[in-house]
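Undergrad: Okay, handing you the structure first.
The values are calculated or read from the model by the stated rules, or taken from the named source; none is laboratory data. Quick caveat, the model's predicted, so the values are computed rather than measured. Here the Cβ positions follow ideal geometry from the backbone for every residue, glycine too, while neighbour counts run over all protein chains shown.
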Amino acid sequence: MKKRILSGIQPTGNLHLGNYLGALKNWVHMQKDAEALFCVVDLHALTVPQNPEKLKQHIVDTAMMYVAAGIDPKESTIFVQSMVSAHAELSWLLSCQAPLGWLNRMTQFKDKAGAQQDKQKLGLYAYPVLMAADILTYQATHVPVGEDQKQHLELARDLAQLMNRTFKEGLLTVPEPQIMGAGTRVMSLKDGTNKMSKSDPSDNARINMLDDDDVIARKIKKATTDTDPFPDTFSACGNRPHVENLINIFAALKDISPQQVCDTYGGANFSGFKDDLADATIQAVGPIRDRFKDLKASPQKMKDILNLGAEKANKLSQETLSQVKKAMGLPVTYR
């Protein structure tokens, strides 16, 4: 079977540098040697309260950022998750097979729910099963994942194997993880122990993909470091999370190793490094921001791309859904 990848981002606000380095930048390269499907996972966004009007715009804006970052609609299928009903339908079929013990082991629900688990909605708890359906409905062979999604991919693999054992061998493809390189987990500019996030109350903690050049330079200049000199070796960053984060970001932007960054700046103060990091960030973000603004000026173009993507995704997903329903004894059609 030809290599097929599937990935997506939630439309919960302006995308940031972490989304670009952790996902979009890698997707651009992946689309060249695989059949690629990239969705805006709006159903997942519903696990937290959303303003309907804002969500509607965020969905289109997220898809625009995919294209602005270099995802080519002629090479890849770009679509909105909720426009393909098979995601929700296969999620239910998988839910009827998924053992509760497997879901109880999912750490992300515990992290997000905290001490308020009894007050959380079912969607947040069942989120990993929907993610598995996202992947399995397209028979994806590979899924780009960062550290925080590895456990969810393992659940998708387990569910595929369970369905194959229970109903029909080879029914669902067991996906392989495609681990991404430097920058896959970009941390906050203010706190190198926390992931860069759209929900962080401090806008200075992240580089938004729509920030102008002056704002980017200011945020990088104010990024947290420490009082020690720049490390000579990357291995020396073990107890310096803020410094490690900035080195990883620079390495990812320049497509070099973190050690090469240390070879260049080791022993120096951080001001010169931050100037170069700001320049590298502006060089990466600026053209994407400009392409996004061009797309924003022609909204119908993006809607046409998403409608076409949904048609392709629906065709692919219905093939899998029909096979699963038949294997489980459900009618597909009566003649």
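Undergrad: If Lys150 satisfies all but one of (1) under 28 Å from Ile179 (Cβ atoms); (2) surrounded by fewer than 15 Cβ atoms within 10 Å (Cβ to Cβ); (3) in contact with a helix residue (DSSP H, G or I) (Cβ under 8 Å, 6 or more places away or on another chain), what's the number of the condition it fails?
TA: Exception for Lys150: condition (3).
Undergrad: While we're looking at this one, here's another question. Working only within segment 95-116, note down all residues that are under 28 Å from Lys56 (Cα atoms) and over 22 Å from the mean Cα position of the chain (by Cα).
TA: Answer for segment 95-116, where residues must be under 28 Å from Lys56 (Cα atoms) and over 22 Å from the mean Cα position of the chain (by Cα): just Ser95.
Undergrad: Additional query: Could you give every pair whose Cβ atoms fall below 6 Å, whose first residue belongs to segment 305-319 and is more than 12 Å from Ser85 (Cα to Cα), and whose second residue is assigned to a helix (DSSP H, G or I), counting only separations of at least 6 or pairs across chains?
TA: Leu306/Ala63
Undergrad: Looking at Thr173, Thr166, which one is hydroxyl-bearing (Ser, Thr, Tyr), surrounded by fewer than 16 Cβ atoms within 10 Å (Cβ to Cβ), in the same structural domain as Ser317 (by TED's automatic domain parsing) and touching a residue at least 12 places away in the same chain (Cβ under 8 Å)?
TA: Thr166 is the lone residue from the list that is hydroxyl-bearing (Ser, Thr, Tyr), surrounded by fewer than 16 Cβ atoms within 10 Å (Cβ to Cβ), in the same structural domain as Ser317 (by TED's automatic domain parsing) and touching a residue at least 12 places away in the same chain (Cβ under 8 Å).
Undergrad: Within segment 141-172, count every residue that is under 30 Å from Asn19 (Cβ atoms) and polar (S, T, N, Q).
TA: 3
Undergrad: In addition: Report, by residue number, each residue of segment 86-103 that is in a helix (DSSP H, G or I) and either at positive phi or of a type outside the set (S, T, N, Q) (or both).
TA: Looking only at segment 86-103, we keep the residues that are in a helix (DSSP H, G or I), and these are 86-95, 100-103.
Ala86, His87, Ala88, Glu89, Leu90, Trp92, Leu93, Leu94, Leu100, Gly101, Trp102, Leu103 - these are the residues of segment 86-103 that are in a helix (DSSP H, G or I) and either at positive phi or of a type outside the set (S, T, N, Q) (or both).
Undergrad: While we're looking at this one, here's another question. Read through the list (1) more than 18 Å from Asn307 (Cβ to Cβ); (2) of a type in the set (Ser, Thr, Tyr); (3) outside any helix (DSSP H, G or I); (4) modelled with pLDDT of 95 or more, then give the number of the only condition that Thr77 fails.
TA: It fails just one condition, (1).
Undergrad: Give the residue, chosen from Val143, Val129, that is in a helix (DSSP H, G or I), surrounded by 19 or more Cβ atoms within 10 Å (Cβ to Cβ) and β-branched (Val, Ile, Thr).
TA: Val129
Undergrad: Restricting attention to segment 287-302, which residues are of a type in the set (Lys, Arg) and within 21 Å of the chain's Cα centre (by Cα)?
TA: Arg289, Arg291
Undergrad: May I pose another question? Please enumerate the residues belonging to segment 89-129 that are under 16 Å from Val174 (Cα atoms) and of a type in the set (A, V, I, L, M).
TA: Leu90, Leu94, Ala98, Val129
Undergrad: Considering only segment 113-126, state which residues are surrounded by fewer than 19 Cβ atoms within 10 Å (Cβ to Cβ), in contact (Cβ under 8 Å) with a residue 24 or more places away in the chain and either among the β-branched types (Val, Ile, Thr) or in a helix (DSSP H, G or I) (or both).
TA: Hits for segment 113-126 are Gly123, Leu124.
Undergrad: Find the residue count for segment 276-335, including only residues that are among the hydroxyl-bearing types (Ser, Thr, Tyr), closer than 25 Å to Tyr66 by Cβ and loosely packed, with under 12 Cβ neighbours inside 10 Å.
TA: Total satisfying the criteria: 1.
Undergrad: Exactly one condition in (1) closer than 22 Å to Leu210 by Cα; (2) in contact with a Phe, Trp or Tyr (Cβ under 6 Å, 6 or more places away or on another chain); (3) not small (Gly, Ala, Ser) is not met by Thr47; state its number.
TA: Unmet for Thr47, out of (1) closer than 22 Å to Leu210 by Cα; (2) in contact with a Phe, Trp or Tyr (Cβ under 6 Å, 6 or more places away or on another chain); (3) not small (Gly, Ala, Ser): (1).
Undergrad: May I ask you to list the residues in segment 1-58 that are out of contact with any Pro (no Cβ under 6 Å at 6 or more places or on another chain), under 22 Å from Leu295 (Cα atoms) and acidic (Asp, Glu)?
TA: Hit for segment 1-58 is Glu53, nothing else.
Undergrad: Here are some residues: Gly22, Gly8. Which one is out of contact with any strand residue (DSSP E or B) (no Cβ under 6 Å at 6 or more places or on another chain) and crowded, with 20+ Cβ neighbours inside 10 Å?
TA: Details: Gly8 fails: out of contact with any strand residue (DSSP E or B) (no Cβ under 6 Å at 6 or more places or on another chain).
Among Gly22, Gly8, only Gly22 is out of contact with any strand residue (DSSP E or B) (no Cβ under 6 Å at 6 or more places or on another chain) and crowded, with 20+ Cβ neighbours inside 10 Å.
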